[in-house]
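See structure below.
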Amino acid sequence: MYIALLKRIFNKLYFKLLFIFSLLKQFMKIGIIGKPNIGKSSFFKAATMTDIEIQNYPFTTIKPNIGVAYVRAECPAENFFKVKCNPQHGFCIDGQRFVPFELVDVAGLVPGAAEGKGLGNLFLDDLSNVDALIHIIDISGSTNMQGEIIEVGKNDPVEDVKFIEKELDDWYFNIFMRGKTKIERQLRLMATDTPVEKFIAEHFSGLNVREKQVIDAITKSNLKGKLITLWSDDEYKTFTKNLRLISKPMVFAANKIDIKSSESNFNRLVSTFPQYSFIPTCALAEIQLRFAEKQKIIKYVPGDNDFQILEPNKLTDQQKQGIEKIRTIMQKVNGTGVQQTLNFAVFNLLKYKIIFPGGVNKLEDSKGNVMPDAFLMPPNATTLDFAYKLHTDFGDNFIGAIDVKKKQKIGRETVLNNGDVIEILSSK
């Protein structure tokens, strides 16, 4: 009797500690994946403007590139309060606020990566801590499965989607099967009322898998209430695939959309995989625009579908032709696709929200900076969560909060909306 009670107490404390440690994860990470030599590094450079090596041969990227990318949203300072903001992190252009997050470009993936081929083990390890994935595809079909340059249109992008899907599914399946015996043993040793999802989440904790995601995957796999010892091999595979889709959601950037044959390939991808989202992308065009904007030759806001030439005299006739070609591509596919992909990953896949700290009577910080901060918060974040995000003391001594736009007091359990400006009321 006492042993069973102690087991039950230990079980509750153990998983409470797991929950607390999960709250320590502060920053959202998004990973860039794909075959070698299909534009992953170009997309990373376009998104972060970080100087990295870009070459036309496989495995240019061996160690992961880690940089800061930005999600774009309307800034309430200019669009609501009609004042100019002073971002402490990120930047603001014409009322568009760019809020930073971490972007990781990992080594290219080849068939058999889940079994260790190519740089497979390194690739998968680098993906463990990301929250979502951006799969870069050479939509022109000019690279083969090993990432080697071939004639345009000779590779089928549909097969690229299929093989990456298989490698990720095999990755999750292999991890699960390595721990299945341990999970079954834990279920026998711990209290009988311990849900299996707790142990599965613990086993996948290195991949940032949460218990809620395990529950959703079990439900989606029609395995709710069925003992794990009775699952078939096919049910294991179905479960791990669903867990992968839920815990590592993915958007596809169809890169090289400017090359001949890309448009027909893009339309075929969309019709073949209606369950996924594909965004037409030209990463090299974004790089060229960002450099021209940096040199003040053009005025360009990342994510726009057009730009303004400020210094036409600084451009040669050839450069003018090139930049007008970029404009044609942008207007056809509604931008270069880079910012659109980043926004989709943050807002649509992860459903994160941008929350701004501020006050009803004062939008400035102690240094006079107007709305200098903006925070990316998970979908169900409450005012109390936001208080803790700002400072532990604000959370521990929370009294209430004010929706600054509406000038209304809100409680600790109020779920915040994207673009909210919140004043935290604290006794300390």
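Remark: C-alpha extents of the stretch 352-426 on the principal axes read 31, 25, 23 Å, sorted largest to smallest.
Once R0 is set to 45 Å, what does the formula 1/(1 + (r/R0)^6) return for the Cβ-Cβ distance between Ile399 and Thr328, expressed as a FRET efficiency to the nearest 0.05? Plugging the Cβ-Cβ distance into 1/(1 + (r/R0)^6) gives 0.20.
If packing is taken as the average number of other Cβ atoms within 10 Å across a peptide's residues, how do 208-218, 309-319, 128-138, 261-271 rank, most packed first?
128-138, 208-218, 261-271, 309-319
Computed on the chain, with alpha-carbon pairs under 8 angstrom and 6+ residues apart, the relative contact order is 15 percent. Stretching Thr50 away from Asn418 to a fully extended chain increases their span by 129.6 nm, per 0.36 nm per residue minus the current alpha-carbon distance. For the stretch 247-258, the Karplus equation 6.51 cos²θ - 1.76 cosθ + 1.60, evaluated at θ = phi - 60°, returns couplings of 8, 10, x, 9, 10, 10, 9, 7, 7, 6, 5, 7 Hz by residue, with Gly and Pro reported as x.
More than 37 angstrom separation, counting every C-alpha pair in the chain; what % is that? Walk me through the numbers before you get to the answer.
Working: 30871 of 91378 pairs.
Summing the P(r) tail past 37 Å for the chain gives 34 percent.
Bridgeable lysines around Lys180 (alpha carbons under 18 Å apart, same-chain partners fewer than 8 residues away excluded): Lys198, Lys224, Lys226, Lys237, Lys241. Between Asn222 and Val158, the modelled label-to-label distance comes to 2.7 nm, taking each label 7 Å out from Cα in the direction of the beta carbon.
Taking the fewest neighbouring Cβ atoms within 10 Å as the starting point, the ordered list for Ile175, Ile259, Ile355 is Ile259, Ile175, Ile355.
Legend: Rg and Dmax of the stretch 275-428, from Cα coordinates, 21.0, 65 Å. Taking other C-beta atoms within 10 Å as the exposure proxy, Arg178, Arg412 rank Arg178, Arg412 from fewest upward.
What residues of the stretch 319-340 lie in the reach of a label at Gln308, counting those whose backbone N is under 20 Å from a point 7 Å from the Cα along Cα→Cβ? Residues 320, 323-328, 330-331, 335-336 fall inside that zone. Each of Thr143, Thr382 was scored by other Cβ atoms within 10 Å of its Cβ. Listed from fewest to most, they are Thr382, Thr143.
In the stretch 312-396, Cα pairs under 8 Å separated by at least six residues give a relative contact order of 18 percent. Over the stretch 136-248, the pair-distance histogram of Cα-Cα distances with 10 Å bins from zero comes to 13, 39, 22, 15, 8, 2, 0 percent, rounded to whole numbers.
Calculated FRET efficiency, Lys299 and Glu184, Cβ-Cβ r, R0 56 Å, to nearest 0.05? Spell out each step's value before the answer.
On the way: r = 62 Å, r/R0 = 1.10.
Plugging the Cβ-Cβ distance into 1/(1 + (r/R0)^6) gives 0.35.
Grab the beta carbon distance between Ser232 and Gln146, set R0 = 41 Å, and tell me the FRET efficiency rounded to 0.05. Present the calculation step by step, with values, prior to reporting the outcome.
Details: r = 35 Å, r/R0 = 0.84.
It comes out at approximately 0.75.
Read-outs throughout are calculated quantities, based only on the coordinates presented, and are distinct from any laboratory measurement. Predicted model only: the values in this text are computed from it and were never measured. Backbone-built Cβ (ideal geometry, glycine too); neighbour counts: all protein chains shown.
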